[in-house]
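Right, one structure below, let's go through it.
What follows draws every value from the coordinates through simple rules; no lab data is involved. Note that the coordinates shown come from a computational prediction; the quantities given were computed from them, not determined experimentally. Note: ideal-geometry Cβ built from the backbone for every residue, glycine included; neighbour counts use all protein chains shown.
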Amino acid sequence: MKSGSNLETVLNSGKFAVTAELGPPKSANKEFVVKRAQILKNYVDAANLTDNQTAIVRMSSTAAARIILDQGVEPVIQITCRDRNRIAIQSDVLGAAALGVKNILCITGDHQCFGNHPDSKNVFDIDSIQLVSVLKMMRDEQKVLGGDAIKTPPQIFIGAAANPFADPLEFRVIRLEKKIKAGADFIQTQCIFDMNRFSEWMKMMEDKGLDRNTHILAGVTPIKSYNMAKHMAENVSGVSVPQEILKRMGKAKDSKEEGVNICVETIEELKKIKGIHGIHIMAVQWEEVVPEIVKRVGLYPRPKI
């Protein structure tokens, strides 16, 4: 079943896709979301709305999705396994679909100890692989996990996340293979700085034929400063920042400009790698730089399909 998703249409057409992240606010400020949607409009095929990222309370991804739909931007909502059981998750999927959401990214979610409610109970009733399979069942088999039929099933394009930089590398490929077999239509990766490691991961993906069974969107992050690069290298789990990039950021006269240059160079390299079908730009609270990046790498204007 086709979802009617613009992102799905772009990817299936063979065009190089562009998505970007939009983090909902830690408030009920609708205008915060509207302004960022207006920045991204026409420069991305869809925008990811995070689900209480870093386990911090934020506006719901589904509510934010409806706001950006009204601005003419297609949303990808993220659903974490951390906060809801299978009943609540399936309910949210039906509600999101009713509001016009056509893309859902299934992720585990950051542990609550990293957020502003460290004593809260996590749920993890199902994991991210099972979540993919549940969404596929709801869409294709037109029934919920308990077996009841869905008269109007959600028409959704199903995504999953991948981290090529966590160890052991072989396990990351096996885990992603399970997500693809469960029904992941597209994959978004962790942000890429270490091209050697990423190329090794992609070679393993290619050897298993996984790149032919799903659409891979490579994650990139423009770095604002040397301190940000150092923090990511030392404190962000699953991110690999080579010494060469740390040196470049440390020597840069204009760190933001250098961070954008590195991001652009990375994208140009990614465009040459077989099996990469697009990029996912995670410009953390820096959405205004996305149009510049998209233009500089020759991915503007976006295809009208």
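A few points about this structure:
- Listed from fewest to most Cβ neighbours within 10 Å, the set 186, 165, 171 follows the order 171, 165, 186.
- Rounded to whole Hz, the Karplus (6.51, -1.76, 1.60) HN-Hα couplings of segment 87-95, x for glycine and proline: 5, 5, 4, 5, 4, 5, 5, 4, x
- As a proxy for reagent exposure, 124, 114, 157, 198 were ordered by neighbouring Cβ count within 10 angstrom, fewest first; the result is 114, 124, 198, 157.
- MRE, 222 nm, helices only [DSSP H, n ≥ 4, -39500 (n - 2.57), over the chain, to nearest 500]: -11500 deg cm²/dmol
- Volume of the Cα convex hull of segment 154-305, divided per residue and given in Å³: 130 Å³
- Counted over the chain, the DSSP beta bridges are approximately 5% antiparallel.
- For segment 132-226, radius of gyration divided by Kirkwood radius, i.e. Rg to Rh on alpha-carbons: 1.08
- Along segment 161-170 the Karplus relation, 6.51 cos²θ - 1.76 cosθ + 1.60 evaluated at θ = phi - 60°, assigns HN-Hα couplings of 9, 9, 10, x, 10, 7, 9, x, 4, 4 Hz to successive residues, with x for each Gly and Pro.
- Backbone phi angles across segment 253-258, fed through the Karplus curve with coefficients 6.51, -1.76 and 1.60 (θ = phi - 60°), yield HN-Hα couplings of 6, 10, 5, 5, 4, 5 Hz in residue order; Gly and Pro are listed as x.
- Rel. contact order, % - alpha carbon contacts under 8 angstrom, at least six apart, the chain: 20 percent
- The aspartates and glutamates within cross-link reach of residue 143, meaning a Cα-to-Cα straight distance under 20 Å and a gap of 8 or more places when in the same chain, are 92, 125, 127, 185.
- Placing +1 on the Cβ of every Lys and Arg and -1 on the Cβ of every Asp and Glu, with no other charges, gives the chain a dipole of roughly 440 debye about its Cα centre.
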